[in-house]
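Each reported figure results from applying straightforward, stated rules to the coordinates on display, with no laboratory input. Because the structure is a prediction, the values reported are computed rather than measured.
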Amino acid sequence: MKTTPFTDIHRSLGAKMHEFAGYDMPIEYTGIIEEHQTVCRSVGVFDVSHMGEFLVKGEKALDFIQYVTSNDASRLVPGKVQYTCFPNETGGIVDDLLVYACADGKYMLVVNAANIEKDWEWCCNHNPMKAELENISDGVAQLAVQGPDAIKVLQKLTSLDLSVVPYYSFCIGELAGIKNMVISNTGYTGAGGFELYFSPENALTVWNALFDAGKEYGIKPVGLGARDTLRLEMGFCLYGNDIDDTTSPIEAGLGWITKFVDGKNFISRDILERQKAEGVSRKLVGFEMVDRGIPRAGYALTDAGGNQIGKVTSGTMSPMRKIGIGLGYVGTAYAAPGTEICLDNRGRRLKARVVKPPFRK
C-alpha cells in the first residue's frame, strides 16, 4: 500500500488503519462518533494527502477545462474554487472534482484519490487543444482542518487575515513558517474550515504546529470514517457510492454544476441538455428513517406495497441527529420531499421519508 507523509504519525497515535484507494489510511482514532462530534463542535484534522492534484497551464488551459468539465470555469477568477465534474461520453460521471484558479492560464484540479490514474488518463486522452498538463499528486501533502474553531487555530499560525477569505476561495501565503502554502476555505464536512496544500517535506512541521496551536480548542486527529459520516449528514455525494460512470449529474441533483452556456461545448453536453429539458426517470434523494433502522448501501427502497422503487447508495446512523439517514436513487415519482417510502432491511419493511439535505442544519 502507498503511504502519506503522515502515516507514521497515525500509527504512533494508535489509529485503526485500513486500505483506501491504495493508501494505508486512518479510519478512526478514538471512535467515529466522537471524532464526528469533535468536528461539529470544535476542530479536527484530516489527512487527505491521498487526493490527486493536476496542474493545467498555458493559453489553452481554460479551453481544456471548459471542454472536460460540466461547470462554467470562465466565471473563475484567481483565488476562487469551483466544484464540478468530468462527464463521460454517455452522460455519466468520470469523477467529481475541484478547480482552483491560481492565475490567468493556470489552474489546479483536485480529484478523488481512487480515481487519480483514471482521471489522469481521461484528461490526457481528451485534450485536443493540447493544454499543458502535469500530474503533481505525489508532490503535494494536504490536511483538512475542519470545524467551527478551525479558523481560530489557523489564525494563530499566519499573518494572513483568514476571515476575509470567502467560502470556495483561497489564498497563498505563509502558515506555520511554511511559505507558499495554499490555504483554501473549502472542505467536505459542512462544519467550516480550511484545506491546506504544501510540500510533503514540511508535513511534520505543519502537523505539530496545528496541534500545538489547537490545544486550547481540543483539537483532535480525525479518520476517514468520520469524514464519511460528516459528508453524509450534509448530503454530499461520494464518488463510487452516490455518483459514478453510470449516473448523470442531472440524476444526481448536480444540475447546478452543469452549465449550458453559449460557447461551452463540453463532453456529452447534448445528452445532459436533453435530460435537463425532458426529465429523468430516477433521481438521487435524501431520506431519513421514521422507523428505527440504519440504511446501508445496496438496501432496496420500496413503496408501501413492497414494490422496489430504488436502492440506497449511502446510509448511516446520524451521529448528531441519532436517526438513520441515507441517500439513494428512486423513481422520479417518489423523489419529492415529504414522500413516504420504505427501506427493505433484510426483509423488514421500515418506514422512511424523503427529505432535502442537509440532514444536519
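Tabulated values for the structure
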read-out: 4 °C / 1.567 mPa s Stokes-Einstein diffusion coefficient of segment 281-355, Kirkwood radius on C-alpha pairs, µm²/s; value: 112 µm²/s
read-out: Normalised contact order of segment 52-136, rounded percent, pairs of Cα under 8 Å and 6 or more residues apart; value: 41 percent
read-out: Centre separation in Å (Cα based) which lies between segment 64-87 and segment 324-342; value: 30 Å
read-out: Full-stretch length increase - Met129, Leu204 - with 0.36 nm per residue and alpha-carbon distance subtracted; value: 23.0 nm
